[in-house]
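Since every read-out is calculated from the coordinates, none of them should be taken as a lab result. From a predicted model like this one, the values you see are computed outputs, not experimental measurements. A quick note on method: Cβ atoms are made from the backbone with ideal geometry, for glycine too, and the neighbour counts reach across all protein chains shown.
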Amino acid sequence: MGFLLGVFFLADSFFLPVFQGCNPFAQTGRSKLQNTRASLNQQIIKQMRMRAGAENLLKATSNSKVKEMVLLELSYVNSNLQLLMSELEGLNSSVELLNAKKNLYLHADFFFFFFLSFYGKTFEDEIADFMDLRQACRTPSRSEAGVELLAKYYSHLPLIESRFFSPTRQTGIFFTWYDSFTGVPLCQQNLSLEKASILFNMAALYSQFGTRANRQTLTGLEEAVSSFQKAAGVLNNLKETFTHTPSYDMSPAMLSMLIRLMLAQAQECLFEKIALPGIRNQFYSLMKVAQEAAKVSEIYDQVHQCMIQTPVKDNVPFFWSTMSQIKTNHYRSMAHYFVASALLDHQLGPGDDEDKQEKTLSQVYDSLPEGCTALDILKNKDERQRIGKAHIRRAIFGHEEALRIYGLCKNTNNLEVLQEILKASHQRSVNKQSENENEEEFTDYLEAPKIISKTEHKAEMEFPAAAKVKVIDFFQRLGPQSVFSAKQRWTAPRTIRVRSDDRDLGFTLKGDSPVQVVSLDPLCAAAADGLKEGDYIVAVGDTECKWMSVSDMMRLLKDIDEEGIDIQVVSMMDNSTAMVCKALVLSNVFRERLSAGFATFCGNLPKTYSMICLAYNEDDKNSKSRKVAKKSSFLSWGLKNKMKSASTLSLPTADKAGALPWNKPCPTFPSSSSYNNDSGLY
């Protein structure tokens, strides 16, 4: 039986095309179990809080009657806690598979207002595409298409994070996921939990591929090995990348245990791959297989030791711990059986390579019994029989221990195939002992030497290439991500009328997508209309220019006549500047949805409303008295006197009156949520 990081799925026969998820509203048995565990854990938390409050009251009060009432309440709460804990333990003991992390659905309108708070314009198609992708990731199909779906969403998350999630401001959007072991919901306002949970579910899919592979064929075993190694690689990447995830199932100790568990299953499949064609009844072959079996036993023993540690044992299902113990004893017993067979069934003959057998035997044992050497054991028939019988007794004892542990777990009683394998292995060892018994001999209680574990094919972590998917940014029309990201604060787009005066626009351009205004003549028409040095041109007429280079922009502006053309610009805002909100900009879609009540996010989360406000600096004064020589623009550069142009002073514009469409202060609009306190974002 294999351990499995399971996921919520529909029936096995239902598969959807690539980038499609299964029906998220289907109540599978696993999702019902997860919901039951979540409900139990919430009740346990409630009872523990009540107990803590009662204990505090008991310490604080001196009234005897109050103490009697509190003690009665404490006994009632402790009784409820015991019942709930026993019920939860019963559920966890029946878990054969590790459930994937289940997340809550985020309403598209909530994302709509969140994006609107940044850019002041609707991106309904992009938001719909993103939400459809996230919705499909809640129920990926059990195939490589499901992994590709999760990988695609995971690759989009850094782009979304860079666009909209500022490292210094809270967003007000809560991402909620359920712990796969306890079922307790966890909430965070950043994307770290989202990205970590997607990686966890990706590992869950790979582990399911390995468990469902046909291990009766060589191809199926190779698929299982690859899947378990990829699951371990994804979990290791999760452990190294997200070190402070507030979730039991993604804590460093739990992830370390899961990584070992995946590698143990991969090593077990490698052993099965060696044994699949059959094990040759030869001295060297039996010794080699014995060390391979000892390696599998050693890794499962390490897994069990991780499971019984304090941070992990409280949340790992009892079935998992039981299975790791069973496999540890089973494969250790197999190793002793193969060594016993090599010693009892194969004597050192005249034609055998004595040195080679001595070297092989010495590499199998960690230490030999006192007074014995490897060559003595090979040459002395009685000593060989004595050591071989010690190994067969150790094999029988290990198989009996595995059967005993099997009977301790209620859930293993349903695994009849596992029971048959354990009984058959035990009977094989008993038969081997009976074949070599001699009633006239005294019982020898020699302890079998420890077998050194060794493998020629070690399971290694493998990060899947399918997890690295190149994607196109859903919101790429917002502009280059290096400029238009959540790290910057922008004004709303302003429309500036640009006119040509003898092929001179009054400013020059620099940079590459988007183009930035430099060397602005403060007396030109564009400056009077509100253009400032450092502004980024985002549109010329009806043409979007966020991705244009300087040369492309020059071609658009070179044929401007005296009537001019409208351009749209945005300004980067200084975080240290005092901003006063001057206007609330709501699109028609925003108004309709706001009136419909979609701006409020329910589910016991804070209410958040999005508003777009333009910024105005009251400290800036109107100053038209400054006279500065006119500076040539990039279009007239070289056509006029170069010396005169080079000697012209280029001062920052102080004409703010033309930059804003009002001359009188307007009332401010305070944000209705502490998460949207920067309302002057573009």
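Just a few scattered comments:
- The alpha-carbon atoms of segment 183-283, seen along their principal axes, cover 61, 24, 22 angstrom, with the largest extent given first.
- Selection from LEU276, ALA294, PHE318 lying farthest towards where the dipole of segment 260-378 points positive, charges on Cβ: PHE318
- When each of LEU72, LEU255, LEU205, LEU150 is scored by the number of other beta-carbon atoms lying within 10 Å, the sequence from fewest to most is LEU72, LEU255, LEU205, LEU150.
- Overall shape of segment 444-505 was characterised from the C-alpha gyration tensor. The equivalent ellipsoid obtained from it has semi-axes of 71, 14, 10 Å, in decreasing order.
- Electrostatic dipole magnitude of segment 482-558 [Cβ: Lys, Arg +1; Asp, Glu -1; Cα centre; debye, to 20]: 240
- Taking each residue as 0.36 nm, the span from LEU446 to MET69 lengthens on full extension beyond its C-alpha to C-alpha distance by 129.3 nm.
- In terms of distances greater than 21 angstrom between alpha carbons, the cross-link table entries LYS510/LYS546; LYS195/LYS313; LYS152/LYS546 yield LYS195/LYS313; LYS152/LYS546.
- Label-to-label distance, nm, for residues given as THR373 and GLN427 (7 Å Cα→Cβ offset): 4.4
- Charged-residue dipole, Cβ positions (Lys, Arg, Asp, Glu), segment 282-447 about Cα centre, Debye nearest 20: 720
- Sequentially through segment 134-147, phi angles give Karplus couplings (6.51, -1.76, 1.60; θ = phi - 60°) of 5, 5, 5, 6, 6, 9, x, 6, 7, 7, 4, 5, x, 5 Hz, Gly and Pro residues having no value and appearing as x.
- Distance from the alpha carbon centroid of segment 348-418 to that of segment 60-76 works out to 63 angstrom.
- At 0.890 mPa s and 25 °C, Stokes diffusion of segment 282-447 via Kirkwood alpha-carbon radius, µm² per second: 143
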